[in-house]
Amino acid sequence: MAASRFSSLLSRSVSAASLLRSIGNNSSRARGISRFSTATVFEEPMITPPVQVTYTQNLINGHFVDAASGKTFPTYDPRTGEVIAHVAEGDEEDVNRAVAAARKAFDEGPWPKMTPYERSRILLRFADLVEKHSEELAALETWDNGKPHEQAAKSELPMLVRLFHYYAGWADKIHGLTVPADGNYHVQTLHEPIGVAGQIIPWNFPLLMFAWKVGPALACGNTIVLKTAEQTPLTALYVANLFLEAGLPPGVLNVISGFDPTASAALASHMDVDKIAFTGSTKTGMIIQELAARSNLKPVTLELGGKSPFIIFDDADIDKAVELAHFALFFNQGQCCCAGSRTYVHEHIYDEFVEKAKARAVRRVVGDPFKKGIEQGPQIDSVQFQKVLGYIKSGIESNATLECGGDRIGNRGYFLQPTVFSNVQDDMLIAQDEIFGPVQSILKFKDINDVIRRANATRYGLAAGVFTGSLETANTMMRALKAGTVWINCFGVFDAAIPIGGYKMSGIGREKGIYSLNNYLQVKAVVSPLNNPAWL
């Protein structure tokens with residue numbers, strides 16, 4: 001029933017994606033609109049990934065097992081479109097088994113009864129194991145996702161380790177309060193684990209999203225059923241085994257690979273799941289919230305889409321602003337929910353900025369992500385690839401100026417040229433929708449009031465960036481922008497202690513930092529009478 005409902009609710013999203021794929025496939029203009037070359041580094045054949053695929057089964061109750069149906073599905077190398085491995089396809093029955101294991105581990109197992117210090121030590125042992133296996137993990141992440149290996153190895157794996165160190169440190173610092181009350185009563189609050197947490201992670205940052213979800217849930221003493229993205233299941237299964245090696249009791253962490261209409265729907269609507277956390281598109285997040293509400297009204301944390309403004313004032317250092325705006329948009333192939341995908345530039349410096357932004361995009365090095373010096377790998381899959389081409393066609397038909405890019409690179413895999421549009425207007429599709437690809441839209445603004453109004457005129461509110469030399473401007477903007485994160489003269493700073501989450505349709509709740517603990521705790525008030533107290 002849940003799967004049927006999920007499929008029905010997804011029908012409009014699927015139709016839109018199909019339309020975009022059709023636009024990309026049928027438009028010769030979308031395939032042949034490149035005006036400028038892009039720095040490419042292609043080697044034939046592609047570099048062989050220095051890692052073996054070891055774990056392809058679901059993890060349930062401490063054991064790697066085949067799907068109940070016996071089905072598998074392929075996960076692909078986005079560099080070539082070729083199959084990497086076949087992975088167990090979990091569905092409702094597998095979710096039921098995983099939830100039963102997590103429920104038993106929470107109600108009867110040792111995990112919630114361990115001292116917080118003992119839980120902390122397991123998290124620290126896991127972090128040490130991740131560090132030990134970081135080379136394999138970085139290679140597997142690049143192979144399954146397509147992101148540059150240098151990015152995975154030098155930025156994301158160290159952050160993964162840091163996140164689990166951070167949450168290990170919180171495990172024995174979670175406590176309630178003593179509350180003064182009117183009358184002769186002793187009042188205290190207990191902060192208790194919420195129970196079985198269902199977690200659904202996306203494909204753009206598989207390991208980091210694993211940490212954002214699993215870290216706080218375990219630190220608070222919960223058990224977990226985690227569903228991977230079907231595009232990138234491999235690294236979550238690998239690190240799940242490291243948790244077993246670190247001494248995590250069976251059933252505390254269960255990992256299911258599968259598809260949204262079956263596995264995600266079953267998890268979100270399960271009556272014995274106490275909480276759901278989801279990162280992904282806004283449309284799917286709305287479905288997850290509805291399924292959670294229609295079942296047992298379980299609380300939901302959502303980290304969803306964005307169309308974040310990156311605002312550059314006329315007192316900015318243009319060269320630095322160009323580089324930062326480029327990073328804000330093109331990082332991770334543009335597949336970042338908080339990407340600075342609306343670049344607002346003051347009219348006094350607009351033309352100079354556009355020329356320099358175009359030149360920087362043309363210099364961007366695209367190629368096999370395993371090769372050193374590569375800045376941009378392929379898009380995740382054919383669906384996203386065609387979707388981005390469809391948005392590029394939309395930008396051209398809306399009379400935005402295509403400054404560079406706009407075409408695919410090569411004839412294998414899902415590589416796209418870094419693309420820059422100027423003369424973009426707020427009502428254009430490329431200025432309203434989350435493209436999730438390497439497409440920079442540059443808009444012109446007149447003054448601070450103009451850009452505040454336009455920056456906030458969106459259904460999203462995940463993040464924003466401001467580049468200015470004025471402290472007064474920075475102070476005004478940080479308060480005026482309706483976004484969960486505002487970066488001033490920087491962008492994409494993701495420290496373990498910095499919370500992230502959205503205003504409006506960009507989500508509910510916060511992840512990372514102290515605020516993330518609230519997602520996995522219940523607050524209980526305990527009241528008892530005091531007879532003849534010495535003081536109140």
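The values are calculated or read from the model by the stated rules, or taken from the named source; none is laboratory data. Nothing here was measured: the structure is a model prediction, and the numbers come from that model. Backbone-built Cβ (ideal geometry, glycine too); neighbour counts: all protein chains shown. For accessibility, only protein heavy atoms count, side chains too; no ligands or nucleic acids. Shrake-Rupley method; radii C 1.70, N 1.55, O 1.52, S 1.80 Å.
Do the conditions hold for Ala464, that is, is it out of contact with any Cys (no Cβ under 7 Å at 6 or more places or on another chain) and surrounded by 19 or more Cβ atoms within 10 Å (Cβ to Cβ)? When the stated conditions are applied, Ala464 passes them. Across the range 176-214, the number of residues qualifying as over 22 Å from the mean Cα position of the chain (by Cα) and either open to solvent by 10 Å² or more (accessible area, probe 1.4 Å) or of a type in the set (D, E, K, R) (or both) comes to 19.
Would it be correct to say that Ala263 is modelled with pLDDT of 95 or more and farther than 30 Å from Pro369 by Cα?
So Ala263 fits the description; yes.
If you check Ala266, Ala236 for being more than 18 Å from the chain's Cα centre (by Cα) and part of a helix (DSSP H, G or I), only one passes: Ala266.
Look through Leu389, Leu329 and report the one residue that is within 22 Å of Phe494 (Cα to Cα), modelled with pLDDT of 95 or more and in a helix (DSSP H, G or I).
Working: Leu389 fails: within 22 Å of Phe494 (Cα to Cα).
Being within 22 Å of Phe494 (Cα to Cα), modelled with pLDDT of 95 or more and in a helix (DSSP H, G or I) holds for just one of Leu389, Leu329, which is Leu329.
Of the residues making up the range 78-115, those that are of a type in the set (Val, Ile, Thr) and surrounded by 14 or more Cβ atoms within 10 Å (Cβ to Cβ) are Thr80, Ile84, Val87, Val95, Val99. Each residue in the range 120-166 was checked for being more than 30 Å from Gly81 (Cβ to Cβ) and more than 18 Å from the chain's Cα centre (by Cα), and 14 pass.
Residues checked against (1) over 28 Å from Ala316 (Cβ atoms); (2) surrounded by fewer than 21 Cβ atoms within 10 Å (Cβ to Cβ); (3) without any contact (Cβ under 8 Å) to a residue 40 or more places away in the chain; (4) among the hydroxyl-bearing types (Ser, Thr, Tyr):
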residue	(1), (2), (3), (4)
Glu352	no, yes, yes, no
Ala359	no, yes, yes, no
Arg364	no, yes, no, no
Gly406	no, no, no, no
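The set of residues in the range 384-399 that are open to solvent by 10 Å² or more (accessible area, probe 1.4 Å) and of a type outside the set (Val, Ile, Thr) comprises Gln384, Gln386, Lys387, Tyr391, Lys393, Ser394, Glu397, Ser398, Asn399. Of all the numbered requirements in (1) open to solvent by less than 10 Å² (accessible area, probe 1.4 Å); (2) in contact with a Leu (Cβ under 8 Å, 6 or more places away or on another chain); (3) under 30 Å from Ser382 (Cα atoms); (4) touching a residue at least 60 places away in the same chain (Cβ under 8 Å), Leu226 misses one, and that requirement is (4). Does any residue of the range 267-280 turn out to be touching a residue at least 12 places away in the same chain (Cβ under 8 Å) and either in contact with an Asp or Glu (Cβ under 6 Å, 6 or more places away or on another chain) or within 30 Å of Leu471 (Cα to Cα) (or both)? Yes. Please work out which one of (1) surrounded by fewer than 22 Cβ atoms within 10 Å (Cβ to Cβ); (2) outside any helix (DSSP H, G or I) is the condition Glu118 fails and give its number. If we test Glu118 against (1) surrounded by fewer than 22 Cβ atoms within 10 Å (Cβ to Cβ); (2) outside any helix (DSSP H, G or I), just (2) comes out false.
Here are Lys154, Lys173: which of them is free of Cβ contacts under 8 Å to residues at least 60 places away in the same chain, assigned to a helix (DSSP H, G or I) and surrounded by fewer than 18 Cβ atoms within 10 Å (Cβ to Cβ)? That would be Lys154, the only listed residue that is free of Cβ contacts under 8 Å to residues at least 60 places away in the same chain, assigned to a helix (DSSP H, G or I) and surrounded by fewer than 18 Cβ atoms within 10 Å (Cβ to Cβ).
Is it true that some residue in the range 305-313 is in the same structural domain as Pro418 (by the TED database), closer than 18 Å to Ala359 by Cβ and either open to solvent by 10 Å² or more (accessible area, probe 1.4 Å) or assigned to a loop (DSSP other than H, G, I, E, B) (or both)? No, that holds for no residue. So which residues in the range 67-82 are closer than 24 Å to His133 by Cβ and either over 22 Å from the mean Cα position of the chain (by Cα) or aromatic (Phe, Trp, Tyr) (or both)? Answer for the range 67-82, where residues must be closer than 24 Å to His133 by Cβ and either over 22 Å from the mean Cα position of the chain (by Cα) or aromatic (Phe, Trp, Tyr) (or both): just Tyr76. When you scan the range 483-497, do you find a residue that is open to solvent by 20 Å² or more (accessible area, probe 1.4 Å) and more than 22 Å from the chain's Cα centre (by Cα), even just one? Yes: the range 483-497 contains one or more residues that are open to solvent by 20 Å² or more (accessible area, probe 1.4 Å) and more than 22 Å from the chain's Cα centre (by Cα). Only residues that are of a type outside the set (Phe, Trp, Tyr), open to solvent by less than 30 Å² (accessible area, probe 1.4 Å) and touching a Leu at 6+ places or on another chain (Cβ under 8 Å) were counted across the range 421-438, and they come to 4.
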